[in-house]
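The values are calculated or read from the model by the stated rules, or taken from the named source; none is laboratory data. Note that the coordinates shown come from a computational prediction; the quantities given were computed from them, not determined experimentally. Positions of Cβ are generated from backbone atoms using ideal geometry, with glycine treated the same way; all protein chains shown enter the neighbour counts.
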Amino acid sequence: MNLPNKLTVSRLILTVVFVALFYLPVTNRVSYALIIFVLASITDYLDGTIARRRNLVTNFGKLMDPLADKILMCAALTLLALEDMSSAQDPRIPAWAVVVVMSREFFVTGIRLIAISQGVVLAAEKLGKHKTVWQIVTAIYFMLWHASTEPMFHWLAPIYQWKPFSPPIFGVFCIAMMTTLTLVSGFSYFWKNRAMFNDA
């Protein structure tokens, strides 16, 4: 197994660690989970970059790299949607946004499985990468918000009290960008590969 694929597999392992830390009844649990999430997100950038620069692109990587991304992001967004907020008036990542994201990911994965059955391996597209970036930004923003109530990242609390960066403004903006790009990229992926459904 080459280095990019090892990084992809490590992201799956880090996702398990991330979820476990998020639920541990310890101080700084969200802060620790956030650090693991960031490390896992960095492997997403590194595996693709190394694979292209060293010409190590494989069918395993084309399939598992985006799948590992989906598992990590769906886990993070689901946990954040379920997390208790400091105030009932504070916005959280809504359940419907998580459903939109997960539906898009299942849909695209289905297209990839159909392609594989036809002997074709579909790689991730640039628009999908932009979608992933905004999903990561949204997840990190809300995790840092939770972590700002913990000792490790408490120094960030004043930043979240600054109105332009507050959850009701910047947080809602992140959710809007994430869901919009999720829908647009999903439709784009379907449209570019619609020929596979000609026998429907």
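Table for the structure above
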read-out: Residue 156 in contact with a Leu (Cβ under 7 Å, 6 or more places away or on another chain), in a helix (DSSP H, G or I) and touching a residue at least 60 places away in the same chain (Cβ under 8 Å); value: no
read-out: Count of the range 141-153 residues which are in a helix (DSSP H, G or I) and of a type in the set (Ser, Thr, Tyr); value: 1
read-out: Residue count for the range 116-153, restricted to those that are under 26 Å from residue 28 (Cα atoms) and without any contact (Cβ under 8 Å) to a residue 24 or more places away in the chain; value: 2
read-out: Residue in the range 184-191 that is within 17 Å of residue 76 (Cα to Cα) and either out of contact with any strand residue (DSSP E or B) (no Cβ under 6 Å at 6 or more places or on another chain) or in a helix (DSSP H, G or I) (or both) present; value: no
read-out: Filtered residues of the range 64-100 (kept if more than 24 Å from residue 23 (Cβ to Cβ), at pLDDT below 90 and within 16 Å of the chain's Cα centre (by Cα)); value: 64, 65, 66
read-out: Check on residue 51, at pLDDT 80 or above and among the small types (Gly, Ala, Ser); value: yes
read-out: Residue 59 vs. criteria farther than 20 Å from residue 135 by Cα and either among the acidic types (Asp, Glu) or modelled with pLDDT of 85 or more (or both); value: no
read-out: Neighbours by Cβ (under 9 Å, 6+ apart or cross-chain): first from the range 15-33, modelled with pLDDT of 95 or more and assigned to a helix (DSSP H, G or I); second among the hydroxyl-bearing types (Ser, Thr, Tyr) and loosely packed, with under 13 Cβ neighbours inside 10 Å; value: 33/23
read-out: Residue in the range 108-127 that is modelled with pLDDT of 90 or more and not in a helix (DSSP H, G or I) present; value: no
read-out: Out of 49, 43, 58, sole residue that is in contact (Cβ under 8 Å) with a residue 24 or more places away in the chain and surrounded by fewer than 21 Cβ atoms within 10 Å (Cβ to Cβ); value: 58
read-out: Condition met for residue 151 (closer than 26 Å to residue 18 by Cα and loosely packed, with under 13 Cβ neighbours inside 10 Å); value: yes
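Results for (1) under 23 Å from residue 39 (Cβ atoms); (2) small (Gly, Ala, Ser), shown as yes or no for each residue.
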| residue | (1), (2) |
| --- | --- |
| 68 | yes, yes |
| 76 | yes, yes |
| 83 | yes, no |
| 96 | no, no |
| 99 | no, no |
| 109 | no, no |
| 132 | yes, no |
| 135 | yes, no |
| 141 | yes, no |
